[in-house]
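Below is one structure, written out as structure tokens; comments come after it.
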Amino acid sequence: YEVYKCDHPKERTKFISKTACPEAPNPTTTCPKACTKEYNPVCAKLGNGKYQTFDNHCTFEVYMCEHPKEMIELISKTACPEEPPTIACDIACTGEQDTVCVKLGSGKYQTFESECSYVIYVCEHPKENTEIVSRTACPKEPTPTPTCDMACMDIWDPVCATFQDGRTETFGNDCELRNDMCGRPKENVDVTKGECPKS
């Protein structure tokens, strides 16, 4: 004590006793309990990340006082927006085959092996407008047929085509030959520049 007084000559101190000082009690915070029942809601974000609506600012302050270590943030002076319930889409489908054809929101058609698998799709895509169009597999889209009427330049640049059956034919240019071959794409043709020799 004498050393402390020497080190702090300007500080006023008072000697109380020759025993250790009693431990000071921890100050207790008294949280207000009485709030009016007035409904003037506020929305707060709690420490767990969830949002909670309090009836009024007083009940919010009481909660903050009772949870001093929790990170709480006042979001708005209105009620929190209701969160839509989360839907579990992990439905267990049986192996039953009840195929359905569905028209998707994109306008395309898709075959589902069962109505159950379609229900899962709807669950996972809640904003997409879909519709069952038949209880069978969707028909396969026809393979687009190639266009065989390309506009050819009126240029004489003859080519000679020798077909699989041995006959030959002269075409005015490559474009005219391609138009002719378009209708029979699997046929092998030998092509040489110039007119076919006259037999």
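Given a cut-off of under 8 Å on Cα pairs at least six residues apart, what relative contact order in percent is computed for the stretch 29-83?
Answer for the stretch 29-83 is 42 percent.
How far apart, in nm, are two points set 7 Å out from the Cα along the Cα-to-Cβ line at Thr30 and at Glu2?
Going by the 7 Å Cα→Cβ label model, 4.5 nm.
Using the crude model of +1 on Lys and Arg Cβ and -1 on Asp and Glu Cβ, and no other charge, please compute the dipole size for the stretch 29-83 relative to its Cα centre, in debye to 20.
About 100 debye.
For Lys108, go through the aspartates and glutamates and keep the ones whose alpha-carbon is under 13 Å away, minus same-chain ones fewer than eight residues off.
Straight-distance partners of Lys108: Glu128, Glu131, Glu141.
What does the extension gain come out to for Ile132 and Cys116, with contour length at 0.36 nm per residue minus their alpha carbon separation?
Between Ile132 and Cys116, full extension yields 4.5 nm more.
Taking amide H positions as placed 1.01 Å from N in the peptide plane, with prolines and chain starts having none, which residues 5 or more places from Cys196, or on another chain, fall under 5 Å of its amide H?
Thr170
Which aspartates and glutamates, on any chain, are close to Lys77 with Cα under 12 Å apart, when same-chain ones fewer than 8 places away are left out?
Filter leaves Asp55.
Would you mind getting me the FRET efficiency between Gln97 and His125? Use the beta-carbon distance for r and R0 = 30 Å, nearest 0.05.
0.85
Taking amide H atoms as placed 1.01 Å from N in the peptide plane, list the residues 5 or more away in sequence, or in a different chain, whose amide H sits under 5 Å from that of Ile75.
Under 5 Å from the amide H of Ile75 lie the amide H atoms of Cys43, Ala44, Lys45, each far enough along the sequence or on another chain.
Ordered by residue, what ³J(HN,Hα) values in Hz, to whole numbers, does the stretch 38-53 give under the Karplus form 6.51 cos²θ - 1.76 cosθ + 1.60, where θ = phi - 60° and Gly and Pro are x?
Couplings: 4, 9, 9, x, 10, 10, 10, 9, 7, x, 7, x, 7, 9, 9, 8 Hz.
Which FRET efficiency value, to the nearest 0.05, do you get for Val191 and Lys108 by plugging their Cβ-Cβ distance into 1/(1 + (r/R0)^6) with R0 = 45 Å?
Using R0 = 45 Å, I get an efficiency of 0.65.
Throughout, read-outs are computed from the coordinates displayed, never taken from laboratory work. All figures in this text were calculated on a predicted structure; none of them were measured in a lab. Here the Cβ is made from the backbone with ideal geometry for all residues, glycine too, and neighbour counts use every protein chain on show.
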